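Structure, as structure tokens:
Nothing in this text is a laboratory measurement; each read-out follows from the coordinates by a stated rule. All values reported here derive from a predicted model rather than from experimental measurement. Neighbour counts run over all protein chains shown; Cβ positions are idealised from the backbone, glycine included.
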Amino acid sequence: MARFDFADIPPMPQRVRRSAFSPFLYRYRNLIERFFNKLKHFRAVATRYDKREDNVLASVQLASIRIWLRHNESVT
């Protein structure tokens, strides 16, 4: 697995030794975190209502499709 030497969060401005920061990685990390937050709004996914992993995967996929459809909904 590849390991990045960049921090995913910006360093504090008062720090003497600042670590490397990638705005590109930070942007996509933020998108992923916001997606997981939206995914947790679905009760079956948040509480892991189903115990079998194939059912959990199906629940996550259905919730993801609903999020995607809501995002790409036509406004006309």
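Below are the figures for this structure:
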{"quantity": "Selection from the stretch 28-44 of residues that are among the polar types (S, T, N, Q) and either exposed (fewer than 10 other Cβ atoms within 10 Å of the Cβ) or under 15 Å from ARG66 (Cβ atoms) (or both)", "calculated": "ASN37"}
{"quantity": "Residue selected from the stretch 45-76 under the condition within 15 Å of the chain's Cα centre (by Cα) and among the small types (Gly, Ala, Ser), by the criterion surrounded by the most Cβ atoms within 10 Å (Cβ to Cβ)", "calculated": "ALA63"}
{"quantity": "Subset of the stretch 44-64 [farther than 15 Å from ILE32 by Cα and among the β-branched types (Val, Ile, Thr)]", "calculated": "VAL45, THR47, VAL56"}
